[in-house]
Amino acid sequence: MGPPAAPGDSAPPEDGDQQGSAPASSNMQQAALESLPPPPPSVSPLPMPDSETGSITLPPVPDTELIEESQYGPLPTIAPDGRRPIDMYARPSRYAAVAATQAPPRVAILVTGLGLPGGPSGDVIDGLPAPMSVAYGAYGRSLQDGVTKAREDGHEVLLQIPLEPNNYPTEDPGPHTLLTTLPPDENMKRLEWLMSRYTGYVGVTNHMGAKFEATSQSLQPVLEELKRRGLLYVDDGSADSTVPQIANTIGLDYSVVSVEIDGSQSNAEIAKQLANLESVAKERGIAIGVVRLKSTTAKQLAEWAGKLEGEGIVLVPVSAAVRSQRQS
C-alpha cells in the first residue's frame with residue numbers, strides 16, 4: 001500500500017474513510033534528540049483530588065505553549081520552559097513519582113476502541129471511574145468533542161495510532177496505518193496526520209501493530225518523534241515488540257501492558273482476566289490492563305473497580321503507572 005494521497009494544504013477530513021493531506025516532515029536524528037534539555041520533574045497543573053478516585057475536571061485544552069501548528073492542525077510539543085504534554089495533560093496522582101515497590105499495589109486501566117471503525121460511541125465511558133484512562137483513535141467525526149468531554153469527567157486521554165499487523169493487508173487498521181514497507185519520512189507524514197486530529201493527550205498507544213513493533217528500523221523514528229514531543233508510549237505487549245529496547249535507549253517514558261481484555265468476551269472470562277491483572281499488580285507493584293470496551297462490559301468494569309480498595313489495590317491513571325515504573 002502506498003502513502004496517502006496529498007491534496008495540497010487542505011485540512012484533514014472529518015470522515016475517517018477518507019485520507020488527509022500530508023505535509024513534509026524532517027528526518028529525526030539522534031543528535032537532535034540529544035540536544036534537547038532533560039525533561040523537568042513531573043509537575044501537575046492541578047491540585048491533587050481528595051483521593052485517587054476523587055472528582056476532578058481536567059483543564060481545557062490545548063495549552064497554546066504545548067502546540068506546534070502544522071498544515072494538518074495542532075501537533076503536541078514541549079513548551080519553551082520544558083513542560084511536556086505527559087506532565088500537563090495527565091490526571092494528577094500522588095503515585096506518579098513513587099516507585100512501584102514503595103506504595104500499595106496499583107492497577108491502571110486503558111480503555112480503547114473509541115474513535116476507531118466500528119467502535120462504540122463516546123458515552124460508553126459514562127459511569128467509569130475517573131482514574132481510568134481513555135484512548136481515542138484518529139478516525140471519525142467530532143473527536144475533539146469526545147476528548148474534551150472525557151477530560152471534563154476526569155479521564156486523561158491517549159491517542160491510539162494504527163500500526164501494521166502481521167497479516168496486513170488482510171487485516172487493515174485504516175488508511176493512515178504506519179507500515180514497514182514505507183520509508184521513515186512517509187511514516188512521519190502519517191504520524192503527523194494522526195497526531196493532529198485532536199489535542200490534550202498525554203501519549204500514544206498502538207492499534208494492532210505486531211509487525212511494525214517488531215521492526216526496529218521502522219519503529220525507532222516513531223518513538224524518537226514521540227520523545228521529542230514530550231509524549232509517553234503504551235505498548236500492548238506483542239511477543240516480538242522492540243519497544244522496550246528502543247524506549248530504554250532513547251529515554252522515552254513507556255510501559256508494556258500486562259493484561260489485554262476483549263470486551264466481547266463473556267463476563268466470566270473478563271472477570272478472570274481482571275483477577276489476573278490484580279495478581280500481577282500484587283506481584284510487581286503495578287500493572288496496566290488494556291480493555292477494548294463494549295457497552296455491555298462498562299458496568300462490569302466499573303463494579304470491579306469499586307471493589308479494588310477492599311483488596312488493598314489502588315486504581316491510578318495510566319500516566320501515573322508509566323512514570324512510577326520509570327522511578328523504579
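Each value in this text was obtained by applying a stated rule to the coordinates, not by laboratory testing. On a predicted model such as this, the values are computed, not experimentally measured, just so you know. Quick reminder, even Gly has a Cβ in these numbers, built from the backbone with ideal geometry, and neighbours come from all protein chains shown.
Projected onto the charge dipole of region 68-220 (+1 at Lys/Arg Cβ, -1 at Asp/Glu Cβ, origin at the Cα centre), which of P162, P92, Q102 gives the Cα projection farthest towards the positive end?
It is Q102, whose Cα lies furthest towards the positive end.
Quote the relative contact order of region 104-165 in percent (integer), defining contacts as alpha-carbon pairs under 8 Å separated by 6+ residues.
Normalised by residue count, the contact order of region 104-165 is 34 percent.
At q = 0.14, 0.15, 0.27 Å⁻¹, what log₁₀ I(q)/I(0) does region 99-153 have when each alpha carbon counts as one equal point scatterer in the Debye sum?
Listed by q, the Debye log ratios stand at -0.43, -0.48, -1.12.
Report which label in [x] 29, 22, 20; [y] 65, 22, 18; [z] 45, 20, 18 holds the value of semi-axes √(5λ) of the Cα gyration tensor in Å derived from the coordinates of this structure.
Among [x] 29, 22, 20; [y] 65, 22, 18; [z] 45, 20, 18, the one calculated here is [x].
From largest to smallest, what semi-axes in whole angstrom does region 75-132 give when each is the square root of 5 times an eigenvalue of its alpha carbon gyration tensor?
26, 21, 9
Please compute the modelled spin-label separation between A99 and E65, points set 7 Å along Cα→Cβ, answer in nm with one decimal.
3.2 nm
By a straight-distance test (C-alpha under 17 Å), which aspartates and glutamates pair with K299 as possible cross-link partners, with residues fewer than eight away in the same chain excluded?
Filter leaves D123, D126, D153, D262, E269.
Got the relative contact order for region 202-328 handy, in percent, Cα pairs under 8 Å and 6 or more residues apart?
The normalised contact order for region 202-328 reaches 21 percent.
How large is the direction-averaged shadow of the alpha-carbon convex hull of region 227-270, in nm²?
Reported value for the Cα convex hull: 4.1 nm².
May I ask you to derive the relative contact order of the chain, considering only C-alpha pairs under 8 Å and at least 6 residues apart, and to give it as an integer percent?
With pairs under 8 Å counted, the relative contact order is 24 percent.
If we count every other residue with Cβ under 12 angstrom of D126's Cβ, Lys/Arg +1 and Asp/Glu -1, where does the sum land?
-1
So for the pair R284, S216, with labels modelled 7 Å out along Cα→Cβ, what separation do we get in nm?
2.1 nm
Using Cα positions and a limit of under 20 Å, work out the lysines in reach of K227, with same-chain residues fewer than 8 apart set aside.
Of all the lysines, those that pass the test against K227 - Cα under 20 Å, at least 8 places apart if same chain - are K189.
Could you give the length gained by full extension between D172 and D123, i.e. 0.36 nm per residue of separation minus their alpha carbon distance, to one decimal place?
That works out to 15.0 nm of additional length.
Mind ordering 267-275, 58-66, 281-289 by average Cβ neighbours within 10 Å, highest first?
The most tightly packed comes first, giving 281-289, 58-66, 267-275.
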